[in-house]
Amino acid sequence: FSTSPIASNAVFSRSSVVLSASKNKAKTISRTKWAEARGYGSTASSEETVTAASSGLMTNDEGLEYVRLVNANGDTSDVYLYGGVVTSYVVGGQEYIAVRPDAKMDGSKPISGGLSHCWPQFGPGEIQQHGFARNVNWTVKSMTETTVELEMAPSDYTKAMWDKEFLCTFSVALEDDKLSTKMFVENKGEESFDFQAALHSYFTVSAMNNLSIAGSFKGKEFLNKMVGGGEMQTEDRDEITISEEYDRVYMGVNDPVLKDSGIGKTLTVLNTAGYEDTVLWNPYGNEGMGYNNFVCVESVKFNPVTLEGGATWTGDMALMVGDM
Ligand SMILES: O=P(O)(O)OC[C@H]1O[C@@H](O)[C@H](O)[C@@H](O)[C@@H]1O
């Protein structure tokens with residue numbers, strides 16, 4: 001976990017024109033091609049080569065597999081099969097997705113970070129906290145340099161806690177100007193079932209007092225889980241700043257924009273289908289979790305969906321970086 005503007009897994013600088021590769025694989029591209037791809041023109045000698053991040057299936061130091069996506073700009077994104085979770089989105093050398101310093105990256109528990117799925121349940125309830133999608137292995141159905149499609153089908157493990165005929169497909173596309181995700185749920189059976197869905201997204205923050213979150217918050221009701229057993233309150237601010245522990249479900253807010261004055265960047269969370277609500281979570285003051293360098297701005301369908309036999313549900317969420 002690093003707050004450095006230079007991501008550890010995709011280091012580059014304009015002067016040295018070096019793109020570091022993952023340790024698993026490396027490929028070289030001509031410096032000219034690299035410079036052109038980044039819009040710097042073709043002034044460099046074509047004899048010089050740089051090492052670019054490679055796309056493909058990788059394995060981390062602790063044996064978990066992930067798919068690395070790389071686009072022509074040199075932006076990268078990593079998607080772990082365990083939990084089907086996007087753990088990294090690097091644009092221009094800046095990492096926008098956070099993984100907590102206390103996260104387990106070995107499959108012993110859900111990865112505490114990334115765009116973590118809460119499915120078929122959000123929070124506590126009849127089955128385990130945040131459901132099971134985040135701690136089962138998803139299967140790769142297809143991939144290219146910039147896209148991956150993962151699938152999660154019932155197993156004995158999931159059936160033991162939730163015996164429904166579902167099929168989930170999660171697609172991630174690293175586009176030139178955004179990272180697009182799609183969660184597609186199918187009811188493969190004849191009986192209807194209910195579910196909640198969320199991307200429990202962890203985003204990097206240079207420091208909490210540099211962060212504000214814009215969006216249609218003002219006048220919206222939120223469930224404040226930090227008050228007693230949970231209390232409905234009404235937001236009176238246009239932009240949210242966080243200086244205490246937060247655990248709030250903002251009903252009907254799905255257009256949050258993170259503004260980080262420390263790096264002068266915005267991150268827009270584009271929820272264009274399915275995810276109707278926004279959860280803000282930060283364990284303010286918890287040094288072990290690294291509270292000062294991440295915020296969870298979660299894309300959530302809080303009120304359960306009832307899916308009839310044969311029906312489908314789609315959750316579309318994309319991330320777009322901009323300047324402040
Ligand atoms: O600790 P977990 O299960 O990974 O979830 C992270 C947090 O997720 C939030 O949504 C919950 O309200 C917190 O209680 C929880 O700690």
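The values are calculated or read from the model by the stated rules, or taken from the named source; none is laboratory data. As the structure is a prediction and not an experimental result, all values here were calculated from the model. All Cβ positions, glycine included, derive from the backbone under ideal geometry; neighbour counts span all protein chains shown. Accessible surface is based on the protein model in full, side chains and every heavy atom, while ligands, DNA and RNA are left aside. Shrake-Rupley method; radii C 1.70, N 1.55, O 1.52, S 1.80 Å.
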Open item on the list: Residue under question is ASP236, and the condition is that it be at negative phi, touching a strand residue (DSSP E or B) at 6+ places or on another chain (Cβ under 9 Å) and modelled with pLDDT of 95 or more; does it hold?
Closed with: no
- [ ] For the range 61-91, name all the residues that are open to solvent by 10 Å² or more (accessible area, probe 1.4 Å) and in contact with a Pro (Cβ under 9 Å, 6 or more places away or on another chain).
- [x] TYR82
TODO: Go through (1) in a loop (DSSP other than H, G, I, E, B); (2) within 14 Å of the ligand (Cβ to nearest atom); (3) crowded, with 17+ Cβ neighbours inside 10 Å one by one and return the number of the condition SER116 breaks.
DONE: (1)
Task: Residues of the range 280-310 classified as under 24 Å from GLY123 (Cβ atoms) and of a type in the set (Gly, Ala, Ser), total - done: 4
Open item on the list: Looking only at the range 222-249, filter to residues that are more than 10 Å from the ligand (Cβ to nearest atom), aliphatic (A, V, I, L, M) and buried (at least 16 other Cβ atoms within 10 Å of the Cβ); which one of those is nearest to LEU199 (Cα to Cα)?
Closed with: LEU223
TODO: Please specify each residue of the range 166-186 satisfying the condition of being over 18 Å from ALA273 (Cα atoms) and either buried (at least 18 other Cβ atoms within 10 Å of the Cβ) or among the basic types (Lys, Arg) (or both).
DONE: PHE166, LEU174
Task: Among residues of the range 296-314, those that are closer than 12 Å to ASN187 by Cα and within 16 Å of the ligand (Cβ to nearest atom), counted - done: 0
Open item on the list: For the range 93-122, give me each residue that is under 17 Å from TRP138 (Cβ atoms) and of a type in the set (Phe, Trp, Tyr).
Closed with: TRP119
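Tally time: how many residues in the range 128-157 are touching a Cys at 6+ places or on another chain (Cβ under 9 Å), surrounded by fewer than 17 Cβ atoms within 10 Å (Cβ to Cβ) and part of a loop (DSSP other than H, G, I, E, B)?
Pass one, the range 128-157, residues touching a Cys at 6+ places or on another chain (Cβ under 9 Å): 129-131, 133-134, 138, 150-153.
From the residues that got through so far, the ones that are surrounded by fewer than 17 Cβ atoms within 10 Å (Cβ to Cβ) too are 129, 151, 153.
Add one more test, that the residue is part of a loop (DSSP other than H, G, I, E, B), and what stays is 129, 153.
Matching residues across the range 128-157 total 2.
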